[in-house]
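Peer 1: If you scroll down you'll find the structure; I have some questions about it.
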Amino acid sequence: MNVKINTKERFIVLILQETNIPANMTDDITQLADYVQPGIPHLIINMKEVASIAREAGHKLASLQQEFYERNHSFVICELQEGVQQIFDSEELTDTMNITPTESEACDIVQLEEIERELLGDDIEVSNL
């Protein structure tokens, strides 16, 4: 899968350079997690170039996002095109995934989630005293 990488201080933005993500590219989606680096645990997937996606690939993205959140890392998808949005809606993925209209909003979500984790971590430490 062709991607453009934009590394920020605490997250990486991957801009998918594919117009179509067919079912046979589903395994490639799992490899998106390989772009995460030590100290940069969060990932934003910008899908502005993607016009269509197979249902299987959409479910794989949802699964990958869940894996990130289980490890306390953020995973946000942004800039969905109408065809992709329709697939996500029909598969009921939009309710379970963290999706924003713009990359800027995705960046804000990652930063807010990081603050939330810090605050919740402090609460947990205080309650254990």
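The values are calculated or read from the model by the stated rules, or taken from the named source; none is laboratory data. Everything numeric in this text was worked out from a predicted model, so none of it was measured. Methodologically, a virtual Cβ is constructed for each residue, glycine included, from the backbone with ideal geometry; neighbour enumeration extends over all protein chains shown. Ligands, DNA and RNA are excluded from the accessible area calculation, which covers all protein heavy atoms including side chains. Shrake-Rupley method; radii C 1.70, N 1.55, O 1.52, S 1.80 Å.
Peer 1: Check segment 101-110 and report whether any residue there is more than 16 Å from residue 8 (Cα to Cα) and of a type outside the set (Ser, Thr, Tyr).
Peer 2: Yes, that holds for at least one residue.
Peer 1: Given the residues 65, 17, 81, which is the only one that is open to solvent by 80 Å² or more (accessible area, probe 1.4 Å), touching a residue at least 24 places away in the same chain (Cβ under 8 Å) and within 21 Å of residue 104 (Cα to Cα)?
Peer 2: Testing whether each residue is open to solvent by 80 Å² or more (accessible area, probe 1.4 Å), touching a residue at least 24 places away in the same chain (Cβ under 8 Å) and within 21 Å of residue 104 (Cα to Cα) leaves just 17.
Peer 1: Given the residues 92, 56, 103, 49, which is the only one that is in contact (Cβ under 8 Å) with a residue 60 or more places away in the chain and either closer than 24 Å to residue 121 by Cβ or surrounded by fewer than 21 Cβ atoms within 10 Å (Cβ to Cβ) (or both)?
Peer 2: 103
Peer 1: Inspect segment 8-23 for any residue being small (Gly, Ala, Ser), touching a helix residue (DSSP H, G or I) at 6+ places or on another chain (Cβ under 8 Å) and more than 23 Å from residue 118 (Cβ to Cβ) and give the result as yes or no.
Peer 2: Checked segment 8-23: at least one residue is small (Gly, Ala, Ser), touching a helix residue (DSSP H, G or I) at 6+ places or on another chain (Cβ under 8 Å) and more than 23 Å from residue 118 (Cβ to Cβ).
Peer 1: Conditions: (1) crowded, with 16+ Cβ neighbours inside 10 Å; (2) of a type in the set (D, E, K, R); (3) assigned to a loop (DSSP other than H, G, I, E, B). Residue 9 meets all but one. Number of the miss?
Peer 2: It is condition (1) that residue 9 fails.
Peer 1: Report yes if some residue within segment 106-120 is among the small types (Gly, Ala, Ser) and either surrounded by fewer than 18 Cβ atoms within 10 Å (Cβ to Cβ) or touching a His at 6+ places or on another chain (Cβ under 9 Å) (or both); otherwise report no.
Peer 2: No, segment 106-120 has no match at all.
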